[in-house]
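Here the structure is laid out as structure tokens; the discussion comes afterwards.
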């Protein structure tokens with residue numbers, strides 16, 4: 001019998017779920033893995049973090065009962081989440097745990113909350129504000145982030161633009177050159193974790209040419225930052241003479257990068273074409289679908305089909321999964337909205353085997369079935385959209401959903 005897991009929320013709502021719930025879906029994973037729902041109906045759950053004691057922290061894109069962060073706890077360790085704390089009056093996606101602190105972001109600021117020896121929040125209503133006054137123009141506004149081992153935080157500041165046109169998303173509008181957006185967005189900024197109220201002036205533009213990086217993680221094996229990037233839109237719609245309908249659905253690639261200080265990933269001047277395996281000059285900057293662009297920009301480690309929306313990245317460091325997964329990359333694809341009239345794609349978790357920071361094989365679908373549909377023609381019919389990833393202390397993988405607010409735990413049955 002599957003164990004029913006329930007969560008009683010202190011703000012007077014009840015959340016119950018089961019791996020066999022009629023509201024759930026059948027998640028397909030490789031042989032030897034099993035999946036169980038450990039929470040549901042929390043609204044738009046974005047990124048998640050799992051503490052060493054099993055506490056689950058969820059960051060919300062939309063406030064639930066006026067709160068933007070929820071913590072679930074199994075007080076008596078019986079497998080049932082029976083204690084819930086809701087706090088934080090801001091929306092956003094970023095959340096992480098490191099060295100006795102919980103870090104969380106709004107769309108313009110980053111906060112941290114101290115934890116005591118019992119892993120309780122010291123002052124849930126009075127966090128330290130470590131970064132403030134970041135640009136928020138609503139488009140690509142989420143401030144996702146990653147933490148290294150040297151007291152730094154790397155914050156994604158997405159471009160409030162598709163491709164830095166003079167008139168954003170207007171057919172025929174030329175791209176700005178140089179792109180003025182790059183001074184305060186479309187990149188990764190580095191800040192200190194222990195300094196309050198830092199602004200752009202206190203930070204370092206660590207990497208640039210990054211349209212929007214929802215997935216970031218620090219690779220401890222090679223001590224470098226890894227990111228995923230959402231590619232541009234509207235190649236077919238704006239340039240039908242260069243790109244047909246099928247090409248518009250598949251291009252440009254969604255990308256996975258290893259980035260070092262000073263790197264440029266090429267936006268807005270070029271995009272990655274995984275069919276031609278090169279950086280292609282964007283049409284807004286004089287490209288013809290073949291001409292290469294951004295010669296000084298780095299190339300990605302992997303190019304995926306277009307518009308899958310890579311919303312989370314996790315470099316796996318656990319020992320529970322088979323050895324081939326160690327130091328490899330899991331990516332949560334949120335799923336597309338703009339492949340029409342082609343079917344939408346994504347809605348799954350993929351895995352890239354890696355060693356010494358370099359992919360050692362092709363990417364593969366690791367967990368699928370979240371959409372509940374064989375083919376997605378209507379985005380409104382999708383049941384779940386994977387969004388966040390986190391690793392538990394026991395090496396289990398957790399996945400969040402920002403459609404109906406589910407949390408799944410995937411473990412390997414040794």
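The values are calculated or read from the model by the stated rules, or taken from the named source; none is laboratory data. Computed from a predicted model, the values in this text were never measured in an experiment. Reconstructed Cβ throughout: ideal geometry from the backbone, glycine too, with neighbour counts over all protein chains shown.
A few points about this structure:
- A count restricted to segment 264-283 and to residues that are in contact with a strand residue (DSSP E or B) (Cβ under 8 Å, 6 or more places away or on another chain) and more than 13 Å from residue 182 (Cβ to Cβ) stands at 11.
- Filtered residues of segment 243-279 (kept if in a strand (DSSP E or B) and closer than 18 Å to residue 159 by Cβ): 254, 255, 257, 259, 263, 264, 270, 271, 272, 279
- Options 89, 107; residue that is closer than 25 Å to residue 404 by Cβ, out of contact with any strand residue (DSSP E or B) (no Cβ under 8 Å at 6 or more places or on another chain), touching a residue at least 24 places away in the same chain (Cβ under 8 Å) and in a loop (DSSP other than H, G, I, E, B): 107
- Residue 301 being surrounded by fewer than 21 Cβ atoms within 10 Å (Cβ to Cβ), out of contact with any helix residue (DSSP H, G or I) (no Cβ under 8 Å at 6 or more places or on another chain) and modelled with pLDDT of 95 or more: yes
- Here is the figure for segment 157-212: residues that are in contact with a helix residue (DSSP H, G or I) (Cβ under 6 Å, 6 or more places away or on another chain) and within 26 Å of residue 98 (Cα to Cα) total 1.
Residues checked against (1) in contact with a strand residue (DSSP E or B) (Cβ under 6 Å, 6 or more places away or on another chain); (2) exposed (fewer than 13 other Cβ atoms within 10 Å of the Cβ); (3) within 24 Å of residue 390 (Cβ to Cβ); (4) free of Cβ contacts under 8 Å to residues at least 12 places away in the same chain:
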| site | (1), (2), (3), (4) |
| --- | --- |
| 127 | yes, no, yes, no |
| 147 | yes, no, yes, no |
| 150 | no, yes, yes, yes |
| 165 | yes, no, no, no |
| 176 | no, no, no, no |
| 179 | no, no, no, no |
| 184 | no, no, no, no |
| 189 | yes, no, yes, no |
| 200 | no, no, no, no |
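- Those residues of segment 279-322 which are more than 27 Å from residue 217 (Cβ to Cβ) and touching a residue at least 60 places away in the same chain (Cβ under 8 Å), in sequence order: 282, 284, 285
- Scanning segment 200-231 for residues that are within 24 Å of residue 108 (Cβ to Cβ) and outside any helix (DSSP H, G or I) yields a total of 21.
- Against the test of being in contact with a strand residue (DSSP E or B) (Cβ under 9 Å, 6 or more places away or on another chain), under 26 Å from residue 276 (Cβ atoms) and surrounded by fewer than 21 Cβ atoms within 10 Å (Cβ to Cβ), the options 350, 365, 376 yield a single qualifying residue, 365.
- Test for residue 289: is it at positive phi, assigned to a loop (DSSP other than H, G, I, E, B), out of contact with any helix residue (DSSP H, G or I) (no Cβ under 6 Å at 6 or more places or on another chain) and surrounded by fewer than 22 Cβ atoms within 10 Å (Cβ to Cβ): yes
- Test: residue 323 is at pLDDT 95 or above and surrounded by fewer than 19 Cβ atoms within 10 Å (Cβ to Cβ): yes
- Selection of strands (runs of 3 or more DSSP E) fully inside segment 297-414 by the criterion of at least 2 residues being farther than 28 Å from residue 270 by Cα and within 17 Å of the chain's Cα centre (by Cα) returns 364-367, 386-391, 397-401, 407-412.
- Screening residue 146 against (1) outside any loop (DSSP other than H, G, I, E, B); (2) touching a helix residue (DSSP H, G or I) at 6+ places or on another chain (Cβ under 8 Å) leaves a single unmet condition, (2).
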